[in-house]
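Encoded as structure tokens, the structure appears first; notes follow it.
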Amino acid sequence: MTIHQIHTKQPISINNDPWEAYTDIETHNKLTLSNIEFTTTNLCNMRCSHCAVGYTLQTQDPDPLPMDIIYRRLDEIPDLKTMSITGGEPMFSKKSIKQVVKPLLKYAYDRGIYVQMNSNLTLPQDRYLDIAEYIDVMHISHNWGTLDEFATVGFGAMEKQPPLKAKLKLYEQMLNNAQTLSDQGMFISAETMLNQSTLPYLTKIHNEIVKDMKCSRHEIHPMYPADFASELNVLSLQEMKQAIHQLLDIRDDNIWMLFGTLPIYPCINDDDDQALLERLRQSKNVTMRNDPDGRNRLNVNVFTGNVIVTDFGDETGTISNIKHDKLPTVFEKWLNSPLAQSLNCHCPAFKCLGPNVLVKNMYYPTANFKENEKHMHQLYN
């Protein structure tokens, strides 16, 4: 492992979102590999029906690859600025925390890399306090309109169900952990998916995230059918737009609201779309993020070394392995693939990097975004 000089990082804020792929365009004048997501465990204490990796969850983890291999591959990425740690539940296994999670956190800290951990925040609080100094964003999913929804959907894919009392205790612990960690200065970002289940409860969910959990940011992401989550009831395009308007109507505008992977683009000739985009741009403390997957991020499995492009996993599967390939080389190969070439458009006038494959397949199966790109360049250049 290369010894890195510790760099001072600017705090995460609405003006500093290190996971925004467009920053790489502005800095390097091209898409570049700047974000690695590590799958550090296949274990989880829940089995959410909406979990995109639910089909990979197991009851025991295999041995991880030697950390020296992982360090070497990270050292080979010159533009690395963010790291995401996911699972399963990364804080579930003390063995995994000791062998993989903490070493990755310390590597990132020494190199000045921003770290996001994806957790359900239901575990004992001391586990989170133990790593707090290394975490820039604690990312949780919060899609629970009712306690019954949590008890049913949060364990929907679990064969042997825990008692209702145990489920509700986890919910209470999640709320308490979020509030306490937020009070102590941790940046907690709660993500809500827009789908048929959350639609009736968006106001309640937002208020709980802001008032009870005291989160720093509320993320909104449409639900798309992918992997394990392919059977969920997704919203129509019209329902999606109405839900976004509703959120903008009811939100606490003192809290940062981040919209990701929205199926609404400047190049789509629809007056309602353009009016909604303009409302989003003009709203206080609102940002829209280009999807990192396919633009600046790869996912690495610490057990197998397999590399995937997360949101494109259904389409591409494993594209390489860190045992024999450098990650920047893998990323360049991905960018040159026919699938990436068909989707990776760029509209400088709106800082838009186009759709990912889930959005295109769901809502725009016949649209040619590369042709749209040419048209937008003619209009705005």
_Vicinal HN-Hα couplings computed from phi for the range 245-259 (Karplus, 6.51 cos²θ - 1.76 cosθ + 1.60; Hz; Gly/Pro x)_ = 4, 4, 4, 5, 6, 9, 5, 7, 7, 8, 10, 4, 10, 10, 9
*Considering the chain as a Gaussian network with a 10 Å cut-off on Cα pairs, which listed residue, ALA166, ALA340, ALA21, attains the greatest mean-square fluctuation?*
ALA166
*asked:* Using +1 at the C-beta of Lys and Arg and -1 at the C-beta of Asp and Glu, which of GLN184, MET240, ILE97 has the Cα lying farthest in the positive direction of the dipole of the range 22-380?
replied: ILE97
_Shape call, the chain: gyration tensor on alpha carbons, a/c limit 1.5_ = rounded
*Provide the gained length on full extension for the span ASP270 to LYS165, in nm with one decimal, where the gain is 0.36 nm per separating residue minus the Cα-Cα distance.*
32.9 nm
_Karplus (6.51, -1.76, 1.60) ³J(HN,Hα), θ = phi - 60°, over the range 344-358, in Hz, Gly and Pro reported as x_ = 7, 9, 8, 10, x, 4, 10, 6, 10, 10, x, x, 9, 5, 5
*Distance between Cα centroids, the range 96-136 to the range 307-381: provide it in whole Å.*
30
*Estimate the FRET efficiency between GLU133 and LYS95 by the formula 1/(1 + (r/R0)^6), using the beta-carbon distance for r and 30 Å for R0, to the nearest 0.05.*
0.90
*Longest DSSP-loop-exposure-free segment, GluC sites (Glu not before Pro), the chain, at most 11 other Cβ within 10 Å*: 1-158
*Given charges of +1 on the Cβ of Lys and Arg and -1 on the Cβ of Asp and Glu, with all other atoms neutral, how large is the dipole of the chain about its Cα centre, in debye to the nearest 20?*
720
*Stretch ARG281-GLU332 to full length: gain in nm at 0.36 nm per residue minus the Cα-Cα span?*
15.2 nm
_Point-to-point label distance, ASN15-TYR201, nm (Cα→Cβ direction, 7 Å offset)_ = 3.7
_Under the rule of at least 5 residues apart or a separate chain, name every residue whose amide H is placed under 5 Å from the amide H of LEU194._
HIS221, MET223
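Every read-out reported here was derived from the displayed coordinates using simple, explicitly stated rules and does not represent laboratory data. Here the structure is a predicted model, which is why all the values come from computation and not from measurement. Backbone-built Cβ (ideal geometry, glycine too); neighbour counts: all protein chains shown.
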